[in-house]
1. What is the extension gain from Q101 to Q68, computed as 0.36 nm multiplied by their sequence separation minus the C-alpha to C-alpha distance, in nm to one decimal?
2. Return the sequence-ordered ³J(HN,Hα) values of the stretch 134-149 in whole Hz as given by the Karplus equation 6.51 cos²θ - 1.76 cosθ + 1.60 applied to θ = phi - 60°, using x for Gly and Pro.
3. In nm, to one decimal, how far is the N108 label point from the A159 one, both placed 7 Å along Cα→Cβ?
4. Given R₀ = 45 Å, FRET efficiency for Q79-L171 by Cβ-Cβ distance, to 0.05?
5. Enumerate the amide H contacts of S111 below 5 Å, restricted to partners 5 or more residues apart or on another chain; note that Pro and chain-start residues carry no placed amide H.
6. Return, ordered by residue number, the residues of the stretch 124-153 whose backbone nitrogen is under 17 Å from a label point located 7 Å along Cα→Cβ of S30.
7. From the phi of every residue in the stretch 163-173, what ³J(HN,Hα) in whole Hz does the Karplus formula 6.51 cos²θ - 1.76 cosθ + 1.60 yield, where θ is phi - 60° and glycine or proline is x?
8. Mind listing the long-range amide H neighbours of V175? Cut-off is under 5 Å, sequence gap 5 or more, other chains count too, H placed in the peptide plane at 1.01 Å from N.
Amino acid sequence: MLGIKRLGLLAALVLVGVAPAAAAQAAQPSEQDTQYLQAVHQVNMYEIAAGELAQEKGQNQQVKELGQQFVTDHTELDQSVQDLAGQLNVELPTEPTTDQQDALDQLNNASGEEFDRLWVTQSLAGHVQAIQATQTEISQGTEPQVVELAQTALPVLQAHYDALVMLAEELGIPVPETSPSGTASPGGTVPAPGGTTPTPGETFTEEAPVPGGTVTEAPVPGGTVTETPVPQQS
């Protein structure tokens, strides 16, 4: 009788062991969710590094203050990204993309007003891309935890973008003009991704690398940047 009970317990343990394994396999994040975690981590790395440079080299006091805020917010956001990526076994990039490094090099070589304008231009481009990727994750993501992270990140990124728009207008830096549909209006301007060909329907006036990387190096989850709305100005 004892042997039968032990056999029954062994069978139960086997079943319990199989169930979590099957659940874990089913819980693997989709390509969309994986790419979003990788892309937003890539953006966070740039924004933290650029924010530190803004505090050190910024001439405009608002540039310094925004830089400090970006470091704080993106560090907090990135901790959540890293924790979730660890839970979902998603491998994150460990160093900047070529575009990001080029952008940081430009900031390191700039000073005074030139630095301020370049930092604002690059930060606008990076936050536009980050917001678009986040909007895509919210609408197309399948892993609830990743979607929830995106929903938490969106208002933070939007607040950064709004602050950058206000500062850009004060400094006379072109910013994207958005139509009700969320696409760039005719004559609207937005920083060029590394000085490459503009996205259809948009005009670029500044040649600065996109801090989030190009679509091929740090793909915007769910498609190209034109498939999701451009951040609305408040």
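1. 9.9 nm
2. Per residue, the Karplus-derived 3J(HN,Hα) values read 5, 4, 5, 4, 4, 8, 10, x, 10, 8, x, 5, 6, 4, 5, 4 Hz.
3. 3.1
4. On the way: r = 31 Å, r/R0 = 0.70.
The formula returns an efficiency of 0.90 here.
5. Long-range HN contacts for S111: none found.
6. Backbone N within reach: 133-151.
7. 5, 5, 4, 4, 5, 4, 5, 5, 8, x, 9
8. T189
Read-outs throughout are calculated quantities, based only on the coordinates presented, and are distinct from any laboratory measurement. Remember, predicted model here, so these are calculated numbers, not experimental data. Reconstructed Cβ throughout: ideal geometry from the backbone, glycine too, with neighbour counts over all protein chains shown.
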